[in-house]
1. In contact with a helix residue (DSSP H, G or I) (Cβ under 8 Å, 6 or more places away or on another chain) and surrounded by 14 or more Cβ atoms within 10 Å (Cβ to Cβ): is that true of F423 in this structure?
2. Return only the number of the condition from (1) at pLDDT 90 or above; (2) within 21 Å of V285 (Cβ to Cβ); (3) among the polar types (S, T, N, Q) that N351 does not satisfy.
3. For region 79-100, give me each residue that is open to solvent by less than 30 Å² (accessible area, probe 1.4 Å) and either charged (D, E, K, R) or part of a loop (DSSP other than H, G, I, E, B) (or both).
4. Just give me the residues in region 280-297 being of a type in the set (A, V, I, L, M, F, W, C) and over 15 Å from Y357 (Cα atoms), in sequence order.
5. Taking region 450-500, which residues are under 21 Å from the mean Cα position of the chain (by Cα) and in a helix (DSSP H, G or I)?
6. Of everything in region 347-392, what is in contact with a Pro (Cβ under 7 Å, 6 or more places away or on another chain) and assigned to a strand (DSSP E or B)? Give them in sequence order.
7. Could you grab me the full set of residues in region 101-112 that are open to solvent by less than 70 Å² (accessible area, probe 1.4 Å) and either at pLDDT below 90 or among the acidic types (D, E) (or both)?
8. Check region 447-461 and report whether any residue there is among the β-branched types (V, I, T) and touching a Phe, Trp or Tyr at 6+ places or on another chain (Cβ under 8 Å).
Amino acid sequence: MAMLLRAGYCNRRTSCEMELRGLAFAAWVFICFYAPVDGYPNGKVRGACTSMIPCHGSSPQLTPEHTITLNGTEFKPGDIIEVSLSGPDFEGFFIQARDAEDLDSPAIGSFMLVDRRVSQLLTCGRTKNSAVSHTSKAKKKYVKVYWIAPGDAPKHVQFLATVVKKYRIFWVKVPGPIVSQPNAPSPTAPLHATSEAISTVHPFSYLSKPFNASGCGSTKFCIRNPSNCDPGSTSCFYLSFKREKSSVLIEMSGPSEGYLAFALSHDQWMGGDDAYLCINEDHRVHASTAYLKGRSPPLLDSENALEDVSWRLVDGVLQCSFRRSMSLPAYKGRFNLDSSYYIFMADGEVNEGGLIYKHHRQPLITSGMYNVMGLPQDIGGSRSPWLIKAHGALMFVAWITTVSVGVIVARFFKPVWSHSLLFGKEMWFQVHRLLMLTTVMLTSISFVLPFIYRGGWSRQAGFHPYLGCTVVALTILQPLMAGFRPSRHAPRRQLFNWFHWGTGTTARILAVVTMFLGMDLPALDLPDPWDTYTMIGFVTWHVSIDVLLEIHSYCLVRKAEVIEDDRIQILQSLTSAEAEGRLFKQVVLIIYVCGNIIFLIAFLAAISQI
């Protein structure tokens, strides 16, 4: 995971010094863009040399808890001064010395280490060893180093420190004592508060009551899932946009104790998107903007374009609201809201350090592109792309209805429909062949759809695609094998029958396993545990009908075995038994088909709702 630190505009000055400073700041932004999201656990913080701001995607604290102390108040070039940083447990630190009258100037002088296990030297700008940082995230209370005054030192030098207590709790440019050269005039007022902290902190407030959907479709643009749900309920995902002059009030709500996020996108794929997150950390919620790069986790911004942030966290439902301007040209990556976009909405977990985990299910995505500043609407969204829905629907049709009925017909209806012809051939055979060819066609079409959606092979679907490819191969093999079927009385006919039965049975078993695995994949993710119980119910239903017909066939054979040796009486018994069996099997077949249709409708209804 990486993070993005948003570069602000700097005022142009004609001096070469300011140009170099601007280039250094740009380089810092570039490095922060590629920095890992857990910050700098190894202390390699050269990307923060200029601003001293860690790329942690949140605002600094205002009131320092840590103290910088020195062993003197005066220095001459070449002098060595002891510098100590102490306070409550902290994980990271970054110490520099700067011109006390220009704290935005480059680092001054160089440092020497006391304990290389705790601290390390860094080079900021052109001055070697001009900064000190931590070597690991191990907690510490005290750090000591030595500073060597350079020959070209200014009259007054102030020491500054950035201190990281944990990932999202840190202080920037904590001011330390000022040391001066002998007989130097008094310095101008030193920095007593962090300018970066003041400029990036926005007030947070607590929402006194939950959101409501009044105004959706009339005064504000809303997205709700399920459709028309109440934002205060524990199962409702809600996002609204309400225009207020040149700004937009945004409300977001959903069942999550980690984070909620939405993104504006030019397509239905992650990447190059403008994202907004409400993150719960230690039962406090903060809002942040972010940039989505490909399928990588969000790149959180340190400069926040959001105002009037309010939040609420009750009964597992996270709600937050904030305001942003319609257009934010000063913030790179922030889209103009007066345009049409696909809208994503996702939720997930956050660890104790504030690290954002990938959403555990498919994001909610609008079906089309919408202008949230246009005509107010009240719409829904889907967590499953229509290609994946079609894939699941076609597979359910094929393997719950056509295959199952086709197998039952071939196994138990040969004697029932053997004398009935359909297009010149026995009816059972024609029905069986039609159903199986339909299965091949549906399976082949369904097989292609995920590849069209993904644009290739999915490495995140576990065993599902591998088993699916096996099922498709066996499905296509069946009709090819049938094309070379020996005649009824040929010596190899028995061998063919066994291969045909074995291939078909293997395909059916693997298909059921594959559907079990596919139902819980993020791209489909049918309701759990409903999907599992329903599939178990279908398998039980099919096996029960199969066993019932097997028992019935066995009873017919036993009934036809007349003890008397009279051939006519035996034939009469067989004819009577067959007549009874035909009616029973046809009734069972009708019941079986109706049951399969009910299971199919249940699955299709579930797919349509996601």
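1. Numbers: in contact with a helix residue (DSSP H, G or I) (Cβ under 8 Å, 6 or more places away or on another chain): yes; surrounded by 14 or more Cβ atoms within 10 Å (Cβ to Cβ): no.
Considered against the rule, which asks whether it is in contact with a helix residue (DSSP H, G or I) (Cβ under 8 Å, 6 or more places away or on another chain) and surrounded by 14 or more Cβ atoms within 10 Å (Cβ to Cβ), F423 comes out as no.
2. Failing condition for N351: (1).
3. The first filter runs over region 79-100 and keeps only residues open to solvent by less than 30 Å² (accessible area, probe 1.4 Å), leaving 81, 83-85, 87, 90, 92-98, 100.
Those that are open to solvent by less than 30 Å² (accessible area, probe 1.4 Å) and either charged (D, E, K, R) or part of a loop (DSSP other than H, G, I, E, B) (or both): R98, A100.
4. Those that are of a type in the set (A, V, I, L, M, F, W, C) and over 15 Å from Y357 (Cα atoms): V285, A287.
5. P450, F451, I452, Y453, R454, H464, P465
6. I356
7. Filtering region 101-112 for residues open to solvent by less than 70 Å² (accessible area, probe 1.4 Å) gives 102-103, 105, 107-111.
Answer for region 101-112, where residues must be open to solvent by less than 70 Å² (accessible area, probe 1.4 Å) and either at pLDDT below 90 or among the acidic types (D, E) (or both): D102, L103, S105.
8. Looking only at region 447-461, we keep the residues that are among the β-branched types (V, I, T), and these are 448, 452.
Filter once more, so that each one left must be touching a Phe, Trp or Tyr at 6+ places or on another chain (Cβ under 8 Å): none.
Within region 447-461 (the criterion being among the β-branched types (V, I, T) and touching a Phe, Trp or Tyr at 6+ places or on another chain (Cβ under 8 Å)), the answer is no, since none of the residues qualifies.
The values are calculated or read from the model by the stated rules, or taken from the named source; none is laboratory data. This one's a predicted model, so the numbers in the text were calculated from it and none came from an experiment. Reconstructed Cβ throughout: ideal geometry from the backbone, glycine too, with neighbour counts over all protein chains shown. Just so you know, the surface numbers come from the protein's heavy atoms only, side chains and all, with ligands and any DNA or RNA stripped out. Shrake-Rupley method; radii C 1.70, N 1.55, O 1.52, S 1.80 Å.
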